[in-house]
Amino acid sequence: MKLSRVFSLLLVVGLFGYGCSKATSKADYKFKKPAGDGVAAKAGGVTISEKELYAGIEADIYDAEMKIFEIKFNKLKNLLVEKIMKNDPKSKGLSNDEYFEKYIATKIKVEEKDVQAFIKERKIPAQQINDDVMAKIKQYLTSMKKQSALEEWIAEKTGKDGVTVYFQKPRRPSFDVQVGSAPTIGGENAKVTIVEFSDFQCPYCAEGAKVLKALKEKYGKKIKVAMKQFPLPFHTQAKGASIAALCVNEQSTEKFWKMHDQLFADQTKLSAEDLKNTAKSLGVDMAKYDTCVASDKTLKQVEADIEQGKALGVKSTPTFFVNGQLVRGALPVEEFSEVIDQELAN
């Protein structure tokens, strides 16, 4: 029986017990305060270090810590709003909802142009638009505007001193991520390097490409961006797209990034013929391109990127490392900026 199978069996037994089976002896786990020596556990003459314990589960621990943080932070904001409202003489005789509608949400209005802009931004097909969808979009936009209005109100009430919070936001796990031979763009000696593990066939990666574009426009030469190839096995055209793009990079990194943008702009054109046409439109030497695609050199680079990603705990795309700090998914620009601004300030 494989070791992983044994562990799975132990987990199931631990969760559900043995029904009518006889009692069996179990290991005696004694939980003590850390000694500060980097040791996580000792037993039977063996030692397990904290480094060994956390290796490969850093992102999972961070996600769990963030869930706890968000629960506390949301409760904090609710209490803050309630207490500030209660202290306002104008709140007398009003419920919190009534106060909100009367003094905070008065200017909130979602117009037809807002709905149409949302439809255009999200690229919702015209055949999917009906009265029910329009109503849901309007409801969503109204909710977002109410949230923004509430945040602005809190900012106004708390003034220049803001809100002092006495619990910490979890720090993102940090890794030693080597850029290696990956294509890069931005400031060569930039203080902040963003390494992205991406997949040309992944729709979320297309959104990630938009985020990176916005970051490059915002920070310019202050950041450097590197792209690692992480084609997912169920995206059948992704690996071929990675190979094609790297073969273009072999001739010109500038043309690689142009191809990068074109492939993400239209992910329906990832067949071998489409990739070749895209490369040709960029003016690369097609004889060299064909030779590169046919060889296994670039394939090995793609496979090396995949192995590097797996070693870093990459499980999905896009996954980013901002100066080694993990950022998973095509999060809003503000999420990246928070990390980038901290790094630039150091």
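Restrict the check to the stretch 121-138 and report whether at least one residue is over 26 Å from V211 (Cβ atoms), among the polar types (S, T, N, Q) and open to solvent by 70 Å² or more (accessible area, probe 1.4 Å). Yes.
All conditions in (1) within 23 Å of I71 (Cβ to Cβ); (2) modelled with pLDDT under 90 hold for I124, with the sole exception of (1).
In summary, F167 fulfils each of the numbered conditions (1) surrounded by 10 or more Cβ atoms within 10 Å (Cβ to Cβ); (2) more than 30 Å from M227 (Cβ to Cβ) with the single exception of condition (1). Consider Q229 carefully, then state whether it is under 30 Å from K123 (Cα atoms) and more than 22 Å from the chain's Cα centre (by Cα). So Q229 fails the test. Please work out if Y99 is part of a helix (DSSP H, G or I), free of Cβ contacts under 8 Å to residues at least 60 places away in the same chain and open to solvent by less than 90 Å² (accessible area, probe 1.4 Å). Yes: the conditions hold for Y99.
Take D305 and decide whether it is closer than 15 Å to L232 by Cα and either assigned to a helix (DSSP H, G or I) or without any contact (Cβ under 8 Å) to a residue 24 or more places away in the chain (or both). Yes; evaluated as a whole, the condition is true for this residue. Residues that are surrounded by fewer than 16 Cβ atoms within 10 Å (Cβ to Cβ) and modelled with pLDDT of 95 or more within the stretch 300-330 comprise K300, E303, A304, E307, G324, listed in sequence order.
State whether one or more residues within the stretch 54-61 are among the charged types (D, E, K, R), in a helix (DSSP H, G or I) and free of Cβ contacts under 8 Å to residues at least 40 places away in the same chain. There is at least one residue in the stretch 54-61 that is among the charged types (D, E, K, R), in a helix (DSSP H, G or I) and free of Cβ contacts under 8 Å to residues at least 40 places away in the same chain.
Is it the case that E196 is in a strand (DSSP E or B), modelled with pLDDT of 95 or more and surrounded by 15 or more Cβ atoms within 10 Å (Cβ to Cβ)? Yes; evaluated as a whole, the condition is true for this residue. The selection criterion, being in a helix (DSSP H, G or I), of a type outside the set (V, I, T), closer than 23 Å to T142 by Cα and open to solvent by 80 Å² or more (accessible area, probe 1.4 Å), holds for K75.
Identify the residue in the stretch 139-158 that is hydroxyl-bearing (S, T, Y) and open to solvent by less than 50 Å² (accessible area, probe 1.4 Å) and, among all such residues, is nearest to the chain's Cα centre (by Cα). Filtering the stretch 139-158 for residues that are hydroxyl-bearing (S, T, Y) and open to solvent by less than 50 Å² (accessible area, probe 1.4 Å), the one nearest to the chain's Cα centre (by Cα) comes out as T142. Going through (1) modelled with pLDDT under 95; (2) open to solvent by less than 20 Å² (accessible area, probe 1.4 Å) one by one, R172 falls short only on (2).
Residue count for the stretch 32-44, restricted to those that are part of a loop (DSSP other than H, G, I, E, B) and open to solvent by 60 Å² or more (accessible area, probe 1.4 Å): 7. Scanning the stretch 45-69 for residues that are open to solvent by 90 Å² or more (accessible area, probe 1.4 Å) and of a type outside the set (A, V, I, L, M, F, W, C) yields K51, E52, Y54, K67.
The values are calculated or read from the model by the stated rules, or taken from the named source; none is laboratory data. As the structure is a prediction and not an experimental result, all values here were calculated from the model. As a convention, Cβ positions derive from the backbone with ideal geometry for all residues, glycine included, and neighbour counts pool all protein chains shown. Each accessible area value is taken on the protein alone, full model and side chains, heavy atoms only, with ligands, DNA and RNA left out. Shrake-Rupley method; radii C 1.70, N 1.55, O 1.52, S 1.80 Å.
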